[in-house]
Number of protein chains: 2
Amino acid sequence: MKLAIDAMGGDLAPVAPVRATIECARRFLDTEFILIGHEQRIRENTETLPGNVGIIHTDITIDPDEEPVRAVRRKPNASLTLAAALVKEARADVMVSAGSTGALVASGLLGIGRIPGIDRPALAPVLPTFQGHGVLLMDAGATMDASAHNLLQYAKMGAAYSRHVLDVPEPRVALLNVGTEPGKGNALTKEAYHLLEATQLNFIGNVEAREVLDGGADVVVCDGFVGNVVLKLIEGVGLGIFSLLKEQLTQGFTTKMAAMMLKPSLRGLRDKFDYAEYGGAPFLGVAGGCLKAHGSSSERAWVVAMEQARKFVKQDVIRQFSEDLDG
Amino acid sequence: MKLAIDAMGGDLAPVAPVRATIECARRFLDTEFILIGHEQRIRENTETLPGNVGIIHTDITIDPDEEPVRAVRRKPNASLTLAAALVKEARADVMVSAGSTGALVASGLLGIGRIPGIDRPALAPVLPTFQGHGVLLMDAGATMDASAHNLLQYAKMGAAYSRHVLDVPEPRVALLNVGTEPGKGNALTKEAYHLLEATQLNFIGNVEAREVLDGGADVVVCDGFVGNVVLKLIEGVGLGIFSLLKEQLTQGFTTKMAAMMLKPSLRGLRDKFDYAEYGGAPFLGVAGGCLKAHGSSSERAWVVAMEQARKFVKQDVIRQFSEDLDG
């Protein structure tokens, strides 16, 4: 199995992806890791590379501010576009990047291409839930103006991914909506509801945003605009509360003392919200493995994303899709 | 000034609205309070009514599960529809209800009607922010499929309300979007961006969901589907984190001890997120005062909502709208 790693994307690149690659390369001897990026800067972060790690050198990167489609078209030799090209040409099974979401989506669509029959691939991050395992959110921002038919395909892909990669035997699929009753919503969700009802999926109906993290659904379907708002809002609210908490707990001697005693508990709570443990968001529906790691991925987050990428390949997700999509 | 209060709507009705009314009636002798609901149940919750409190009896209520438009049409004598009728007939200046959002929106639109020139009224709650005062979110769920022109009107109404009722001299208006750059978004937000740019408003551009609670904007504009998701997600994430926190802090003796010492700090933090302090959501754009209080409004939340309703009338918001909307 071959993993292509965009060594230059993300806030902590190239240090975090390079170190994570070395760690994974030592653990997974059956896997070949291809680091794509500035060779000298990659080598600065390691003494000797394990035998199953290669480097493809490029000093071209895509800036987060660049218009994604134009950037991908104009920079075929950027680290991200090269990674996509490797997957396209079957020289890698899966690629991972922590670069900008827009550029990853563009390089997935233009560089790798769609699975035949899938109109709109979707970003599918797993969100941490308050109870137990996470929930797969689709689409988290790949397509801005989705149709009900797109949402239906998200649901089918999400259920297949949930079953084959996340080990959920019969994934409960829900539609994100403004109320739980069937008639609720905007034109899009009303139509999508009817389409979802008519499938063989384990469709459990509408879920409101208030309950989306309660663990009642395994796959939650929405359009990419709404999904992106959900993803970013959860992060914003979570970070905001923890930083207020920190502020409150460092005021005054008694409070500080007590807070120190609570540190392990509070850290446990924070860890529940640590995106690092939930890996990256696969870009589902493109004709090859394509994984978006969080922009501020730490070494630990990169390791989890690479483990996820391996599982994606092992489970042969793309072949499974073709089978499940007929269902 | 006359306030019409739906004494039967909300989880804690009639106790909370009745008690809050009595408290407000004693404080605001210039205001007449009209409690609409089951007279006997209202009287059970008070010894004697102050002279400036009246009762309009009805034993008809609108159930949260009823289809709103149908319910409002079929139940002209429900507590909520009667409240709207009082405002329509100028027998009250403003109405407050903690009943279902859908029914309030329907009774506002059908019972009171729109301000001439306003295509779609919008629900405008103030969300607590991590820094300082809150942010006005429009629309939080009154209109499901909004046009860019609707969003433009939300921005104008929001800025006017922010200036006249929330005392923000030059409100910063932002568009909720998936990125900060001008070209980002779905068809709706791209078009709305151009419309907003062309106004005299203090339009500060796009804001991402991650930053929406950071206090960088005073008014945030979005369509009602997205606004409803934002509103409910903040509540869900907030409640979820606090309940996890509680769970973590009651495990083991040392933790419990320390947590007890921290109680005031943690309560302070929780209070920052207490919707009760932020009053209700005015339904802006209807031709009379119409305020939605939170469904689980406590007595305290009701008091704040009534104070807000009084300010709405005092500031003559509806006349101000007509003036500001030309700008």
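Restricting the search to the range B:281-327, which residues are closer than 26 Å to residue B:200 by Cα, in a helix (DSSP H, G or I) and within 14 Å of the chain's Cα centre (by Cα)? Result: B:311, B:312.
Residues considered: A:83, A:92. Of these, the only one that is in contact with a Leu (Cβ under 7 Å, 6 or more places away or on another chain) and either assigned to a helix (DSSP H, G or I) or touching a residue at least 12 places away in the same chain (Cβ under 8 Å) (or both) is A:92. For residue A:255, the conditions (1) within 28 Å of residue B:144 (Cα to Cα); (2) within 7 Å of another protein chain (Cβ to nearest Cβ) all hold with the exception of (1). Scanning the range B:104-127 for residues that are modelled with pLDDT of 95 or more, of a type in the set (Gly, Ala, Ser) and over 11 Å from the mean Cα position of the chain (by Cα) gives B:106, B:107, B:108, B:111, B:113.
Looking only at the range B:195-216, count how many residues are part of a loop (DSSP other than H, G, I, E, B) and either more than 13 Å from chain A (Cβ to nearest Cβ) or touching a helix residue (DSSP H, G or I) at 6+ places or on another chain (Cβ under 7 Å) (or both). Can you show your working first?
Restricting attention to the range B:195-216, the residues satisfying the condition of being part of a loop (DSSP other than H, G, I, E, B) are B:198-202, B:208, B:212-216.
Of the ones still in play, those that are also either more than 13 Å from chain A (Cβ to nearest Cβ) or touching a helix residue (DSSP H, G or I) at 6+ places or on another chain (Cβ under 7 Å) (or both) are B:198-202, B:208, B:212-213.
Residues in the range B:195-216 being part of a loop (DSSP other than H, G, I, E, B) and either more than 13 Å from chain A (Cβ to nearest Cβ) or touching a helix residue (DSSP H, G or I) at 6+ places or on another chain (Cβ under 7 Å) (or both): 8 in total.
From the residues in the range B:175-187 that are touching a Phe, Trp or Tyr at 6+ places or on another chain (Cβ under 8 Å) and within 8 Å of chain A (Cβ to nearest Cβ), which one is surrounded by the most Cβ atoms within 10 Å (Cβ to Cβ)?
Step one: filter the range B:175-187 for residues touching a Phe, Trp or Tyr at 6+ places or on another chain (Cβ under 8 Å), giving B:175, B:177-178, B:182, B:185-186.
Then keep just the ones that are within 8 Å of chain A (Cβ to nearest Cβ); that gives B:178, B:185-186.
Details: B:178: 25, B:185: 22, B:186: 21.
Filtering the range B:175-187 for residues that are touching a Phe, Trp or Tyr at 6+ places or on another chain (Cβ under 8 Å) and within 8 Å of chain A (Cβ to nearest Cβ), the one surrounded by the most Cβ atoms within 10 Å (Cβ to Cβ) comes out as B:178.
Screening residue A:29 against (1) under 23 Å from the mean Cα position of the chain (by Cα); (2) within 25 Å of residue A:313 (Cβ to Cβ); (3) outside any strand (DSSP E or B); (4) aliphatic (A, V, I, L, M) leaves a single unmet condition, (1).
Condition check ((1) in contact with a helix residue (DSSP H, G or I) (Cβ under 9 Å, 6 or more places away or on another chain); (2) surrounded by 20 or more Cβ atoms within 10 Å (Cβ to Cβ); (3) closer than 24 Å to residue B:15 by Cα) across all residues:
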site	(1), (2), (3)
B:221	yes, yes, no
B:228	yes, yes, no
B:233	yes, yes, no
B:261	yes, no, no
B:271	yes, no, yes
B:289	yes, yes, yes
B:297	yes, yes, yes
B:300	yes, no, yes
B:305	yes, yes, yes
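Against the condition part of a helix (DSSP H, G or I), closer than 28 Å to residue B:114 by Cβ and of a type in the set (S, T, N, Q), how does residue B:61 come out, does it pass? It would help to see each step written out before you state the result.
Numbers: part of a helix (DSSP H, G or I): no; closer than 28 Å to residue B:114 by Cβ: yes; of a type in the set (S, T, N, Q): yes.
No; evaluated as a whole, the condition is false for this residue.
Before we move on, is residue B:46 surrounded by 18 or more Cβ atoms within 10 Å (Cβ to Cβ), in contact with a Lys or Arg (Cβ under 8 Å, 6 or more places away or on another chain) and without any contact (Cβ under 8 Å) to a residue 40 or more places away in the chain? Talk me through it step by step, then tell me what you get.
Working: surrounded by 18 or more Cβ atoms within 10 Å (Cβ to Cβ): no; in contact with a Lys or Arg (Cβ under 8 Å, 6 or more places away or on another chain): yes; without any contact (Cβ under 8 Å) to a residue 40 or more places away in the chain: yes.
It is false that residue B:46 is surrounded by 18 or more Cβ atoms within 10 Å (Cβ to Cβ), in contact with a Lys or Arg (Cβ under 8 Å, 6 or more places away or on another chain) and without any contact (Cβ under 8 Å) to a residue 40 or more places away in the chain.
Does the range A:166-173 contain any residue that is on the phi > 0 side of the Ramachandran plot, free of Cβ contacts under 8 Å to residues at least 24 places away in the same chain, part of a loop (DSSP other than H, G, I, E, B) and more than 16 Å from the chain's Cα centre (by Cα)? So far as the range A:166-173 goes, yes, one or more of its residues are on the phi > 0 side of the Ramachandran plot, free of Cβ contacts under 8 Å to residues at least 24 places away in the same chain, part of a loop (DSSP other than H, G, I, E, B) and more than 16 Å from the chain's Cα centre (by Cα).
For every residue, the table says whether it meets (1) acidic (Asp, Glu); (2) out of contact with any Leu (no Cβ under 9 Å at 6 or more places or on another chain).
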position	(1), (2)
A:99	no, no
A:109	no, yes
A:121	no, no
A:142	no, no
A:150	no, yes
A:181	yes, yes
A:192	no, no
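Filtered by the rule that a residue be within 13 Å of another protein chain (Cβ to nearest Cβ) and either under 24 Å from residue B:235 (Cβ atoms) or of a type in the set (Phe, Trp, Tyr) (or both), the range B:135-152 gives B:135, B:137, B:139, B:140, B:141, B:142, B:143, B:144, B:145, B:146. Selection within the range B:227-245: residues that are touching a Leu at 6+ places or on another chain (Cβ under 9 Å) and either at pLDDT below 75 or more than 7 Å from chain A (Cβ to nearest Cβ) (or both). The member of this set that is nearest to residue B:174 (Cα to Cα) is B:227.
Within the range A:129-143, count every residue that is crowded, with 20+ Cβ neighbours inside 10 Å and either assigned to a loop (DSSP other than H, G, I, E, B) or not aliphatic (A, V, I, L, M) (or both). Break it down stepwise before answering.
Looking only at the range A:129-143, we keep the residues that are crowded, with 20+ Cβ neighbours inside 10 Å, and these are A:135-143.
Next cut, either assigned to a loop (DSSP other than H, G, I, E, B) or not aliphatic (A, V, I, L, M) (or both) only: A:139-143.
Total meeting the criteria: 5.
Within the range A:82-101, at least one residue is within 30 Å of residue A:191 (Cβ to Cβ), not assigned by TED's automatic domain parsing to the domain that holds residue A:217 and not aliphatic (A, V, I, L, M). Restricting A:58, A:46 to those that are in the same structural domain as residue A:320 (by TED's automatic domain parsing), at pLDDT below 95, of a type in the set (Ser, Thr, Tyr) and in contact with a helix residue (DSSP H, G or I) (Cβ under 6 Å, 6 or more places away or on another chain) reduces the list to A:46.
Pick from B:69, B:105: which is surrounded by fewer than 20 Cβ atoms within 10 Å (Cβ to Cβ), outside any loop (DSSP other than H, G, I, E, B) and within 14 Å of another protein chain (Cβ to nearest Cβ)? Show your work before the answer.
Details: B:105 fails: surrounded by fewer than 20 Cβ atoms within 10 Å (Cβ to Cβ).
Exactly one of B:69, B:105 is surrounded by fewer than 20 Cβ atoms within 10 Å (Cβ to Cβ), outside any loop (DSSP other than H, G, I, E, B) and within 14 Å of another protein chain (Cβ to nearest Cβ), namely B:69.
Evaluate the following for residue A:161: is it touching a strand residue (DSSP E or B) at 6+ places or on another chain (Cβ under 7 Å), modelled with pLDDT under 95, buried (at least 24 other Cβ atoms within 10 Å of the Cβ) and in a helix (DSSP H, G or I)? Yes; evaluated as a whole, the condition is true for this residue. Taken together, the residues in the range A:179-194 that are in contact (Cβ under 8 Å) with a residue 24 or more places away in the chain and assigned to a loop (DSSP other than H, G, I, E, B) amount to 4.
The values are calculated or read from the model by the stated rules, or taken from the named source; none is laboratory data. Remember, predicted model here, so these are calculated numbers, not experimental data. Cβ coordinates were reconstructed from backbone atoms using ideal geometry, including for glycine residues, and neighbour counts include every protein chain displayed.
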